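Input: a single structure, listed below in structure tokens.
Values in this text are rule-based calculations from the coordinates and carry no lab data. Keep in mind that this is a model prediction, so the values were computed, not measured. Note that we place each Cβ from the backbone using ideal geometry, even for glycine, and neighbour counts take in every protein chain shown.
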Amino acid sequence: MRVIFALVMLCSVFAASSAAEPRRLSLMPMPASVQAKTGQLVVDSSFSVGISGYSDARLQRAVELFLDSLRRQTGMPPLDMQVTDAAQAKLVVHSERAGKDVQEVGEDESYSLEISPGGARLDAVTPLGIMRGLQTFLQLVQPTSDGFAVPAIVIQDSPRFPWRGLMIDVGRHFIPLEVLKRNLDGMAAVKLNVFHWHLSENQGFRVESKKFPKLHEMGSDGLYYTQDEVRDLIAYARDRGIRVVPEFDMPGHSTAWFVGYPELASGPGPYRIERKWGIFDPAMDPTKEQTYKFLDGFIGEMAKLFPDQYFHIGGDEVNRKQWDTNPNVQAFMRAHGLKGNQDLQAYFNTRVQKIVSKHGKTMVGWDEILRPDLPKDIIVQSWRGQDSLAAAAKQGYRGLLSFGYYVDLMWPASKHYAVDPISGAAANLSPEEKQRILGGEACMWSEYVSPENTDSRIWPRTAAIAERLWSAQDVTEVDSMYRRLEDVSQWLDWLGLAHNSSYEPMLRRIAGSDDISALRTFTDVVEPVKDYTREEIAAVEATSLSPLNRVIDAARPESVTARHFGDLVDALIAGRADADAKQQVRGFLTRWRDNQTDLQSLEAQSFLLKEIVPLSRDLSEVATAGLQALDYIDRGERAPEGWATQQFALLEQAQKPKAQLLLMVAPSVQKLVEASAGRKAPAPQE
Ligand code: ACM
């Protein structure tokens with residue numbers, strides 16, 4: 001609460017301060033302690049940074065990267081704002097000693113930042129803390145009436161959890177290196193420190209293997225990273241204080257391996273790169289020594305390529321059908337007293353763990369791998385809930401939470417934000433057991449992701465997850481989160497993320513026209529269906545070859561417009577809305593009512609527009625209902641029963657997905673109709 005209080009104070013301090021001072025703070029993740037001071041430090045073309053204390057090439061690059069971001073944020077030319085002597089610098093960064101050669105879990109990331117009108121000082125034990133503090137400084141830079149400035153402030157900060165990750169699945173859809181790099185920039189901006197690179201899937205094997213070249217040659221459609229590219233990405237990540245943990249999923253999710261090496265599989269093959277989505281039968285043969293010999297060679301090669309201490313072996317969702325139907329596997333299980341397929345997978349995991357360990361690495365796996373016979377140094381990543389995380393911690397294993405952080409499920413940021421690693425069953429753990437929960441990872445599974453829309457699936461919502469993992473557990477205020485998230489989203493634009501900048505080009509393609517105002521008005525208030533509904537209601541089964549060029553692929557996972565409208569409607573119904581807010585509600589509804597006419601005139605231009613026409617019609621009708629409800633409310637009349645019943649039916653219908661999209665303003669209009677009629681809508685009919 002202390003932090004929240006400080007921030008609320010701070011916001012009001014700035015709101016009341018002179019026009020020359022920054023208007024508000026949008027720090028995300030919220031630092032551990034923030035104290036506002038008087039005045040501000042001007043950031044102009046004479047701004048300079050000096051390094052005192054320990055220095056190395058990585059720290060110098062971090063300062064250069066910082067200046068580069070600052071130039072982008074302020075639009076200042078590249079020759080301005082230099083690195084100078086600490087004695088003359090406006091910002092002095094001071095660290096005591098080198099960070100680890102290979103970044104470690106729990107390596108000190110703390111920093112303190114003190115800004116006064118005369119200058120600023122950033123202190124940290126190592127360059128890693130400096131990197132975190134430099135991002136905080138960037139978030140403080142704002143235009144004022146006198147130029148750019150940062151407020152005078154004292155910040156002490158350190159993370160709540162040592163493992164704060166983002167997983168990107170490049171197996172289902174290949175994601176080019178430059179897209180990954182800009183997402184690493186986004187990660188660094190919100191202080192995430194682990195890039196979990198999900199590198200193999202049924203649909204693709206994405207790393208060059210010199211030992212087993214048929215893996216990438218036959219398993220990737222030519223879409224893979226060379227080892228040089230992998231090294232390049234790891235160096236890029238290191239410069240941003242990010243560890244890179246590779247995942248090679250086994251024994252399931254592994255069809256792409258078998259295209260080149262069918263002898264690894266438990267069934268006869270031949271195998272082709274999988275194009276469909278789902279869980280498939282092919283699985284490695286855990287009974288053959290040849291499998292372990294191969295994995296020894298492969299893991300040995302990858303252990304050298306990836307310097308991080310941790311090596312993820314997947315282990316999730318093995319359907320075991322090939323094991324059930326292979327007589328050799330069945331005979332092996334009988335001979336070894338393995339009672340079922342779970343025992344067989346445990347046997348496999350034990351063997352693989354020994355190989356991973358032999359190559360100097362510590363094994364990580366999804367929660368299916370959890371079995372008490374594995375050594376206690378492994379890490380369990382829970383995608384199925386806090387219960388399995390708590391179970392792991394109780395048995396002495398360290399764990400990571402990803403359940404609740406799947407950004408492919410298109411949840412609102414608030415829903416991810418409410419998920420805490422130490423909640424549910426994990427809340428009842430002993431302090432020692434809680435210590436074993438290292439943090440969590442947002443997960444970007446890539447069935448419906450292209451280079452064009454990856455960023456918009458990850459950002460800005462992942463910043464809210466980053467705050468959950470960095471900031472104090474009591475930083476939970478949703479309105480504050482959303483206010484800051486909007487600013488962070490715009491800040492990420494300057495850093496080169498494409499979550500906003502790819503939107504309009506996608507809409508122009510869909511419209512077949514430069515005139516996208518009607519399409520934009522529509523797309524601004526819809527969201528893709530949630531969870532796994534996209535598969536469930538697909539008219540045609542999607543595959544990895546399906547184009548990702550529909551409105552659902554451009555629509556944001558969370559509609560900012562719908563949320564703003566919802567806030568206005570809530571205020572209006574609660575009697576808190578002023579005339580301006582009421583006018584805004586009316587303005588929105590009027591625009592939506594009339595939008596269908598404009599959108600219809602585009603319809604003939606592009607086949608990609610056809611599927612949204614029914615939902616666009618719904619938007620128009622829903623907005624009409626909202627305007628009528630407002631009229632009743634304004635006149636102080638109760639809406640007639642028959643009218644309300646009709647509107648409720650319309651609203652129920654309009655809230656069903658169409659073109660796999662949801663009309664996100666319908667629930668707020670329903671509230672208006674309910675308020676006007678003095679009764680709740682009936683529960684929806686299934
Ligand atoms: C997973 O979602 N199967 C890890």
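Once the convex hull of all Cα atoms in region 207-365 is built, its volume per residue stands at 111 Å³. Of the Cα atoms belonging to region 53-177, the radius of gyration and Dmax stand at 16.3, 52 Å.
When N counts the residues of the chain, how does its alpha-carbon radius of gyration compare numerically with 2.2 N^0.38 Å, as a ratio? Before the final figure, lay out the partial values.
Numbers: Rg = 27.0 Å, N = 686, 2.2 N^0.38 = 26.3 Å.
Computed over Cα atoms of the chain, the ratio equals 1.02.
With 27 Å as the limit, the listed pairs K181/K610; K582/K680; K214/K276; K304/K376 have K181/K610 beyond it between alpha carbons.
Of the Cα atoms belonging to region 115-236, the radius of gyration and Dmax stand at 19.7, 61 Å. Dividing the summed helix terms, -39500 (n - 2.57) for each DSSP H run of n ≥ 4, by the number of residues in the chain produces a 222 nm estimate of -13000 deg cm²/dmol to the nearest 500.
Structural descriptor for the chain: relative contact order 11 percent, calculated from alpha carbon pairs under 8 angstrom and at least 6 residues apart. Percent of Cα pairs in region 498-656 per distance bin of 5 Å, from zero to the largest separation: 1, 8, 15, 19, 19, 15, 10, 7, 4, 1, 0, 0.
What the Cβ-Cβ distance of E263 and K376 gives, at R0 = 56 Å and to the nearest 0.05, is a FRET efficiency of 0.95.
Divide the volume of the convex hull around the Cα atoms of region 578-642 by the residue count and you get 87 Å³ per residue. Computed from point charges on the beta carbon alone (+1 for Lys and Arg, -1 for Asp and Glu), the dipole magnitude for region 524-581 about its Cα centre is near 80 Debye.
Which order do peptides 589-599, 536-546 fall in by mean Cβ count within 10 Å, highest first?
By packing density, highest mean first, the sequence is 589-599, 536-546.
Among the trypsin sites (Lys or Arg not before Pro) in region 39-131, those located in a DSSP loop and surrounded by at most 12 other Cβ atoms within 10 Å of their own Cβ are R97, K100. Does anything in region 634-668 have its amide N under 17 Å from the 7 Å Cα→Cβ label point of A579, and if so which residues? What the label zone holds, given the 17 Å backbone N cut-off, is 634-635.
Of the residues F148, I234, P78, the one whose Cα sits farthest towards the positive end of the charge dipole of the chain is I234 (charges of +1 on Lys and Arg Cβ, -1 on Asp and Glu Cβ, taken about the Cα centre).
Taking only complete DSSP H runs, can you tell me which helices of the chain stretch 15 Å or more along their own long axis by Cα positions and average at least 0.0 on the Kyte-Doolittle scale?
2-16, 127-140, 177-189, 560-573, 613-635, 666-677
Placing +1 on the Cβ of every Lys and Arg and -1 on the Cβ of every Asp and Glu, with nothing else charged, gives the chain a dipole about its Cα centre of roughly 840 debye. Each Lys and Arg contributes +1 and each Asp and Glu -1, all at the Cβ; summed about the Cα centre of region 233-337, the dipole is approximately 100 debye. Taking the Cβ-Cβ separation of L545 and Q330 as r and a Förster radius of 41 Å, what is the calculated FRET efficiency to the nearest 0.05? According to the calculation, E is roughly 0.70. Straight Cα distances below 25 angstrom link K37 to the lysines K90, K191, with same-chain residues fewer than 8 positions distant left out.
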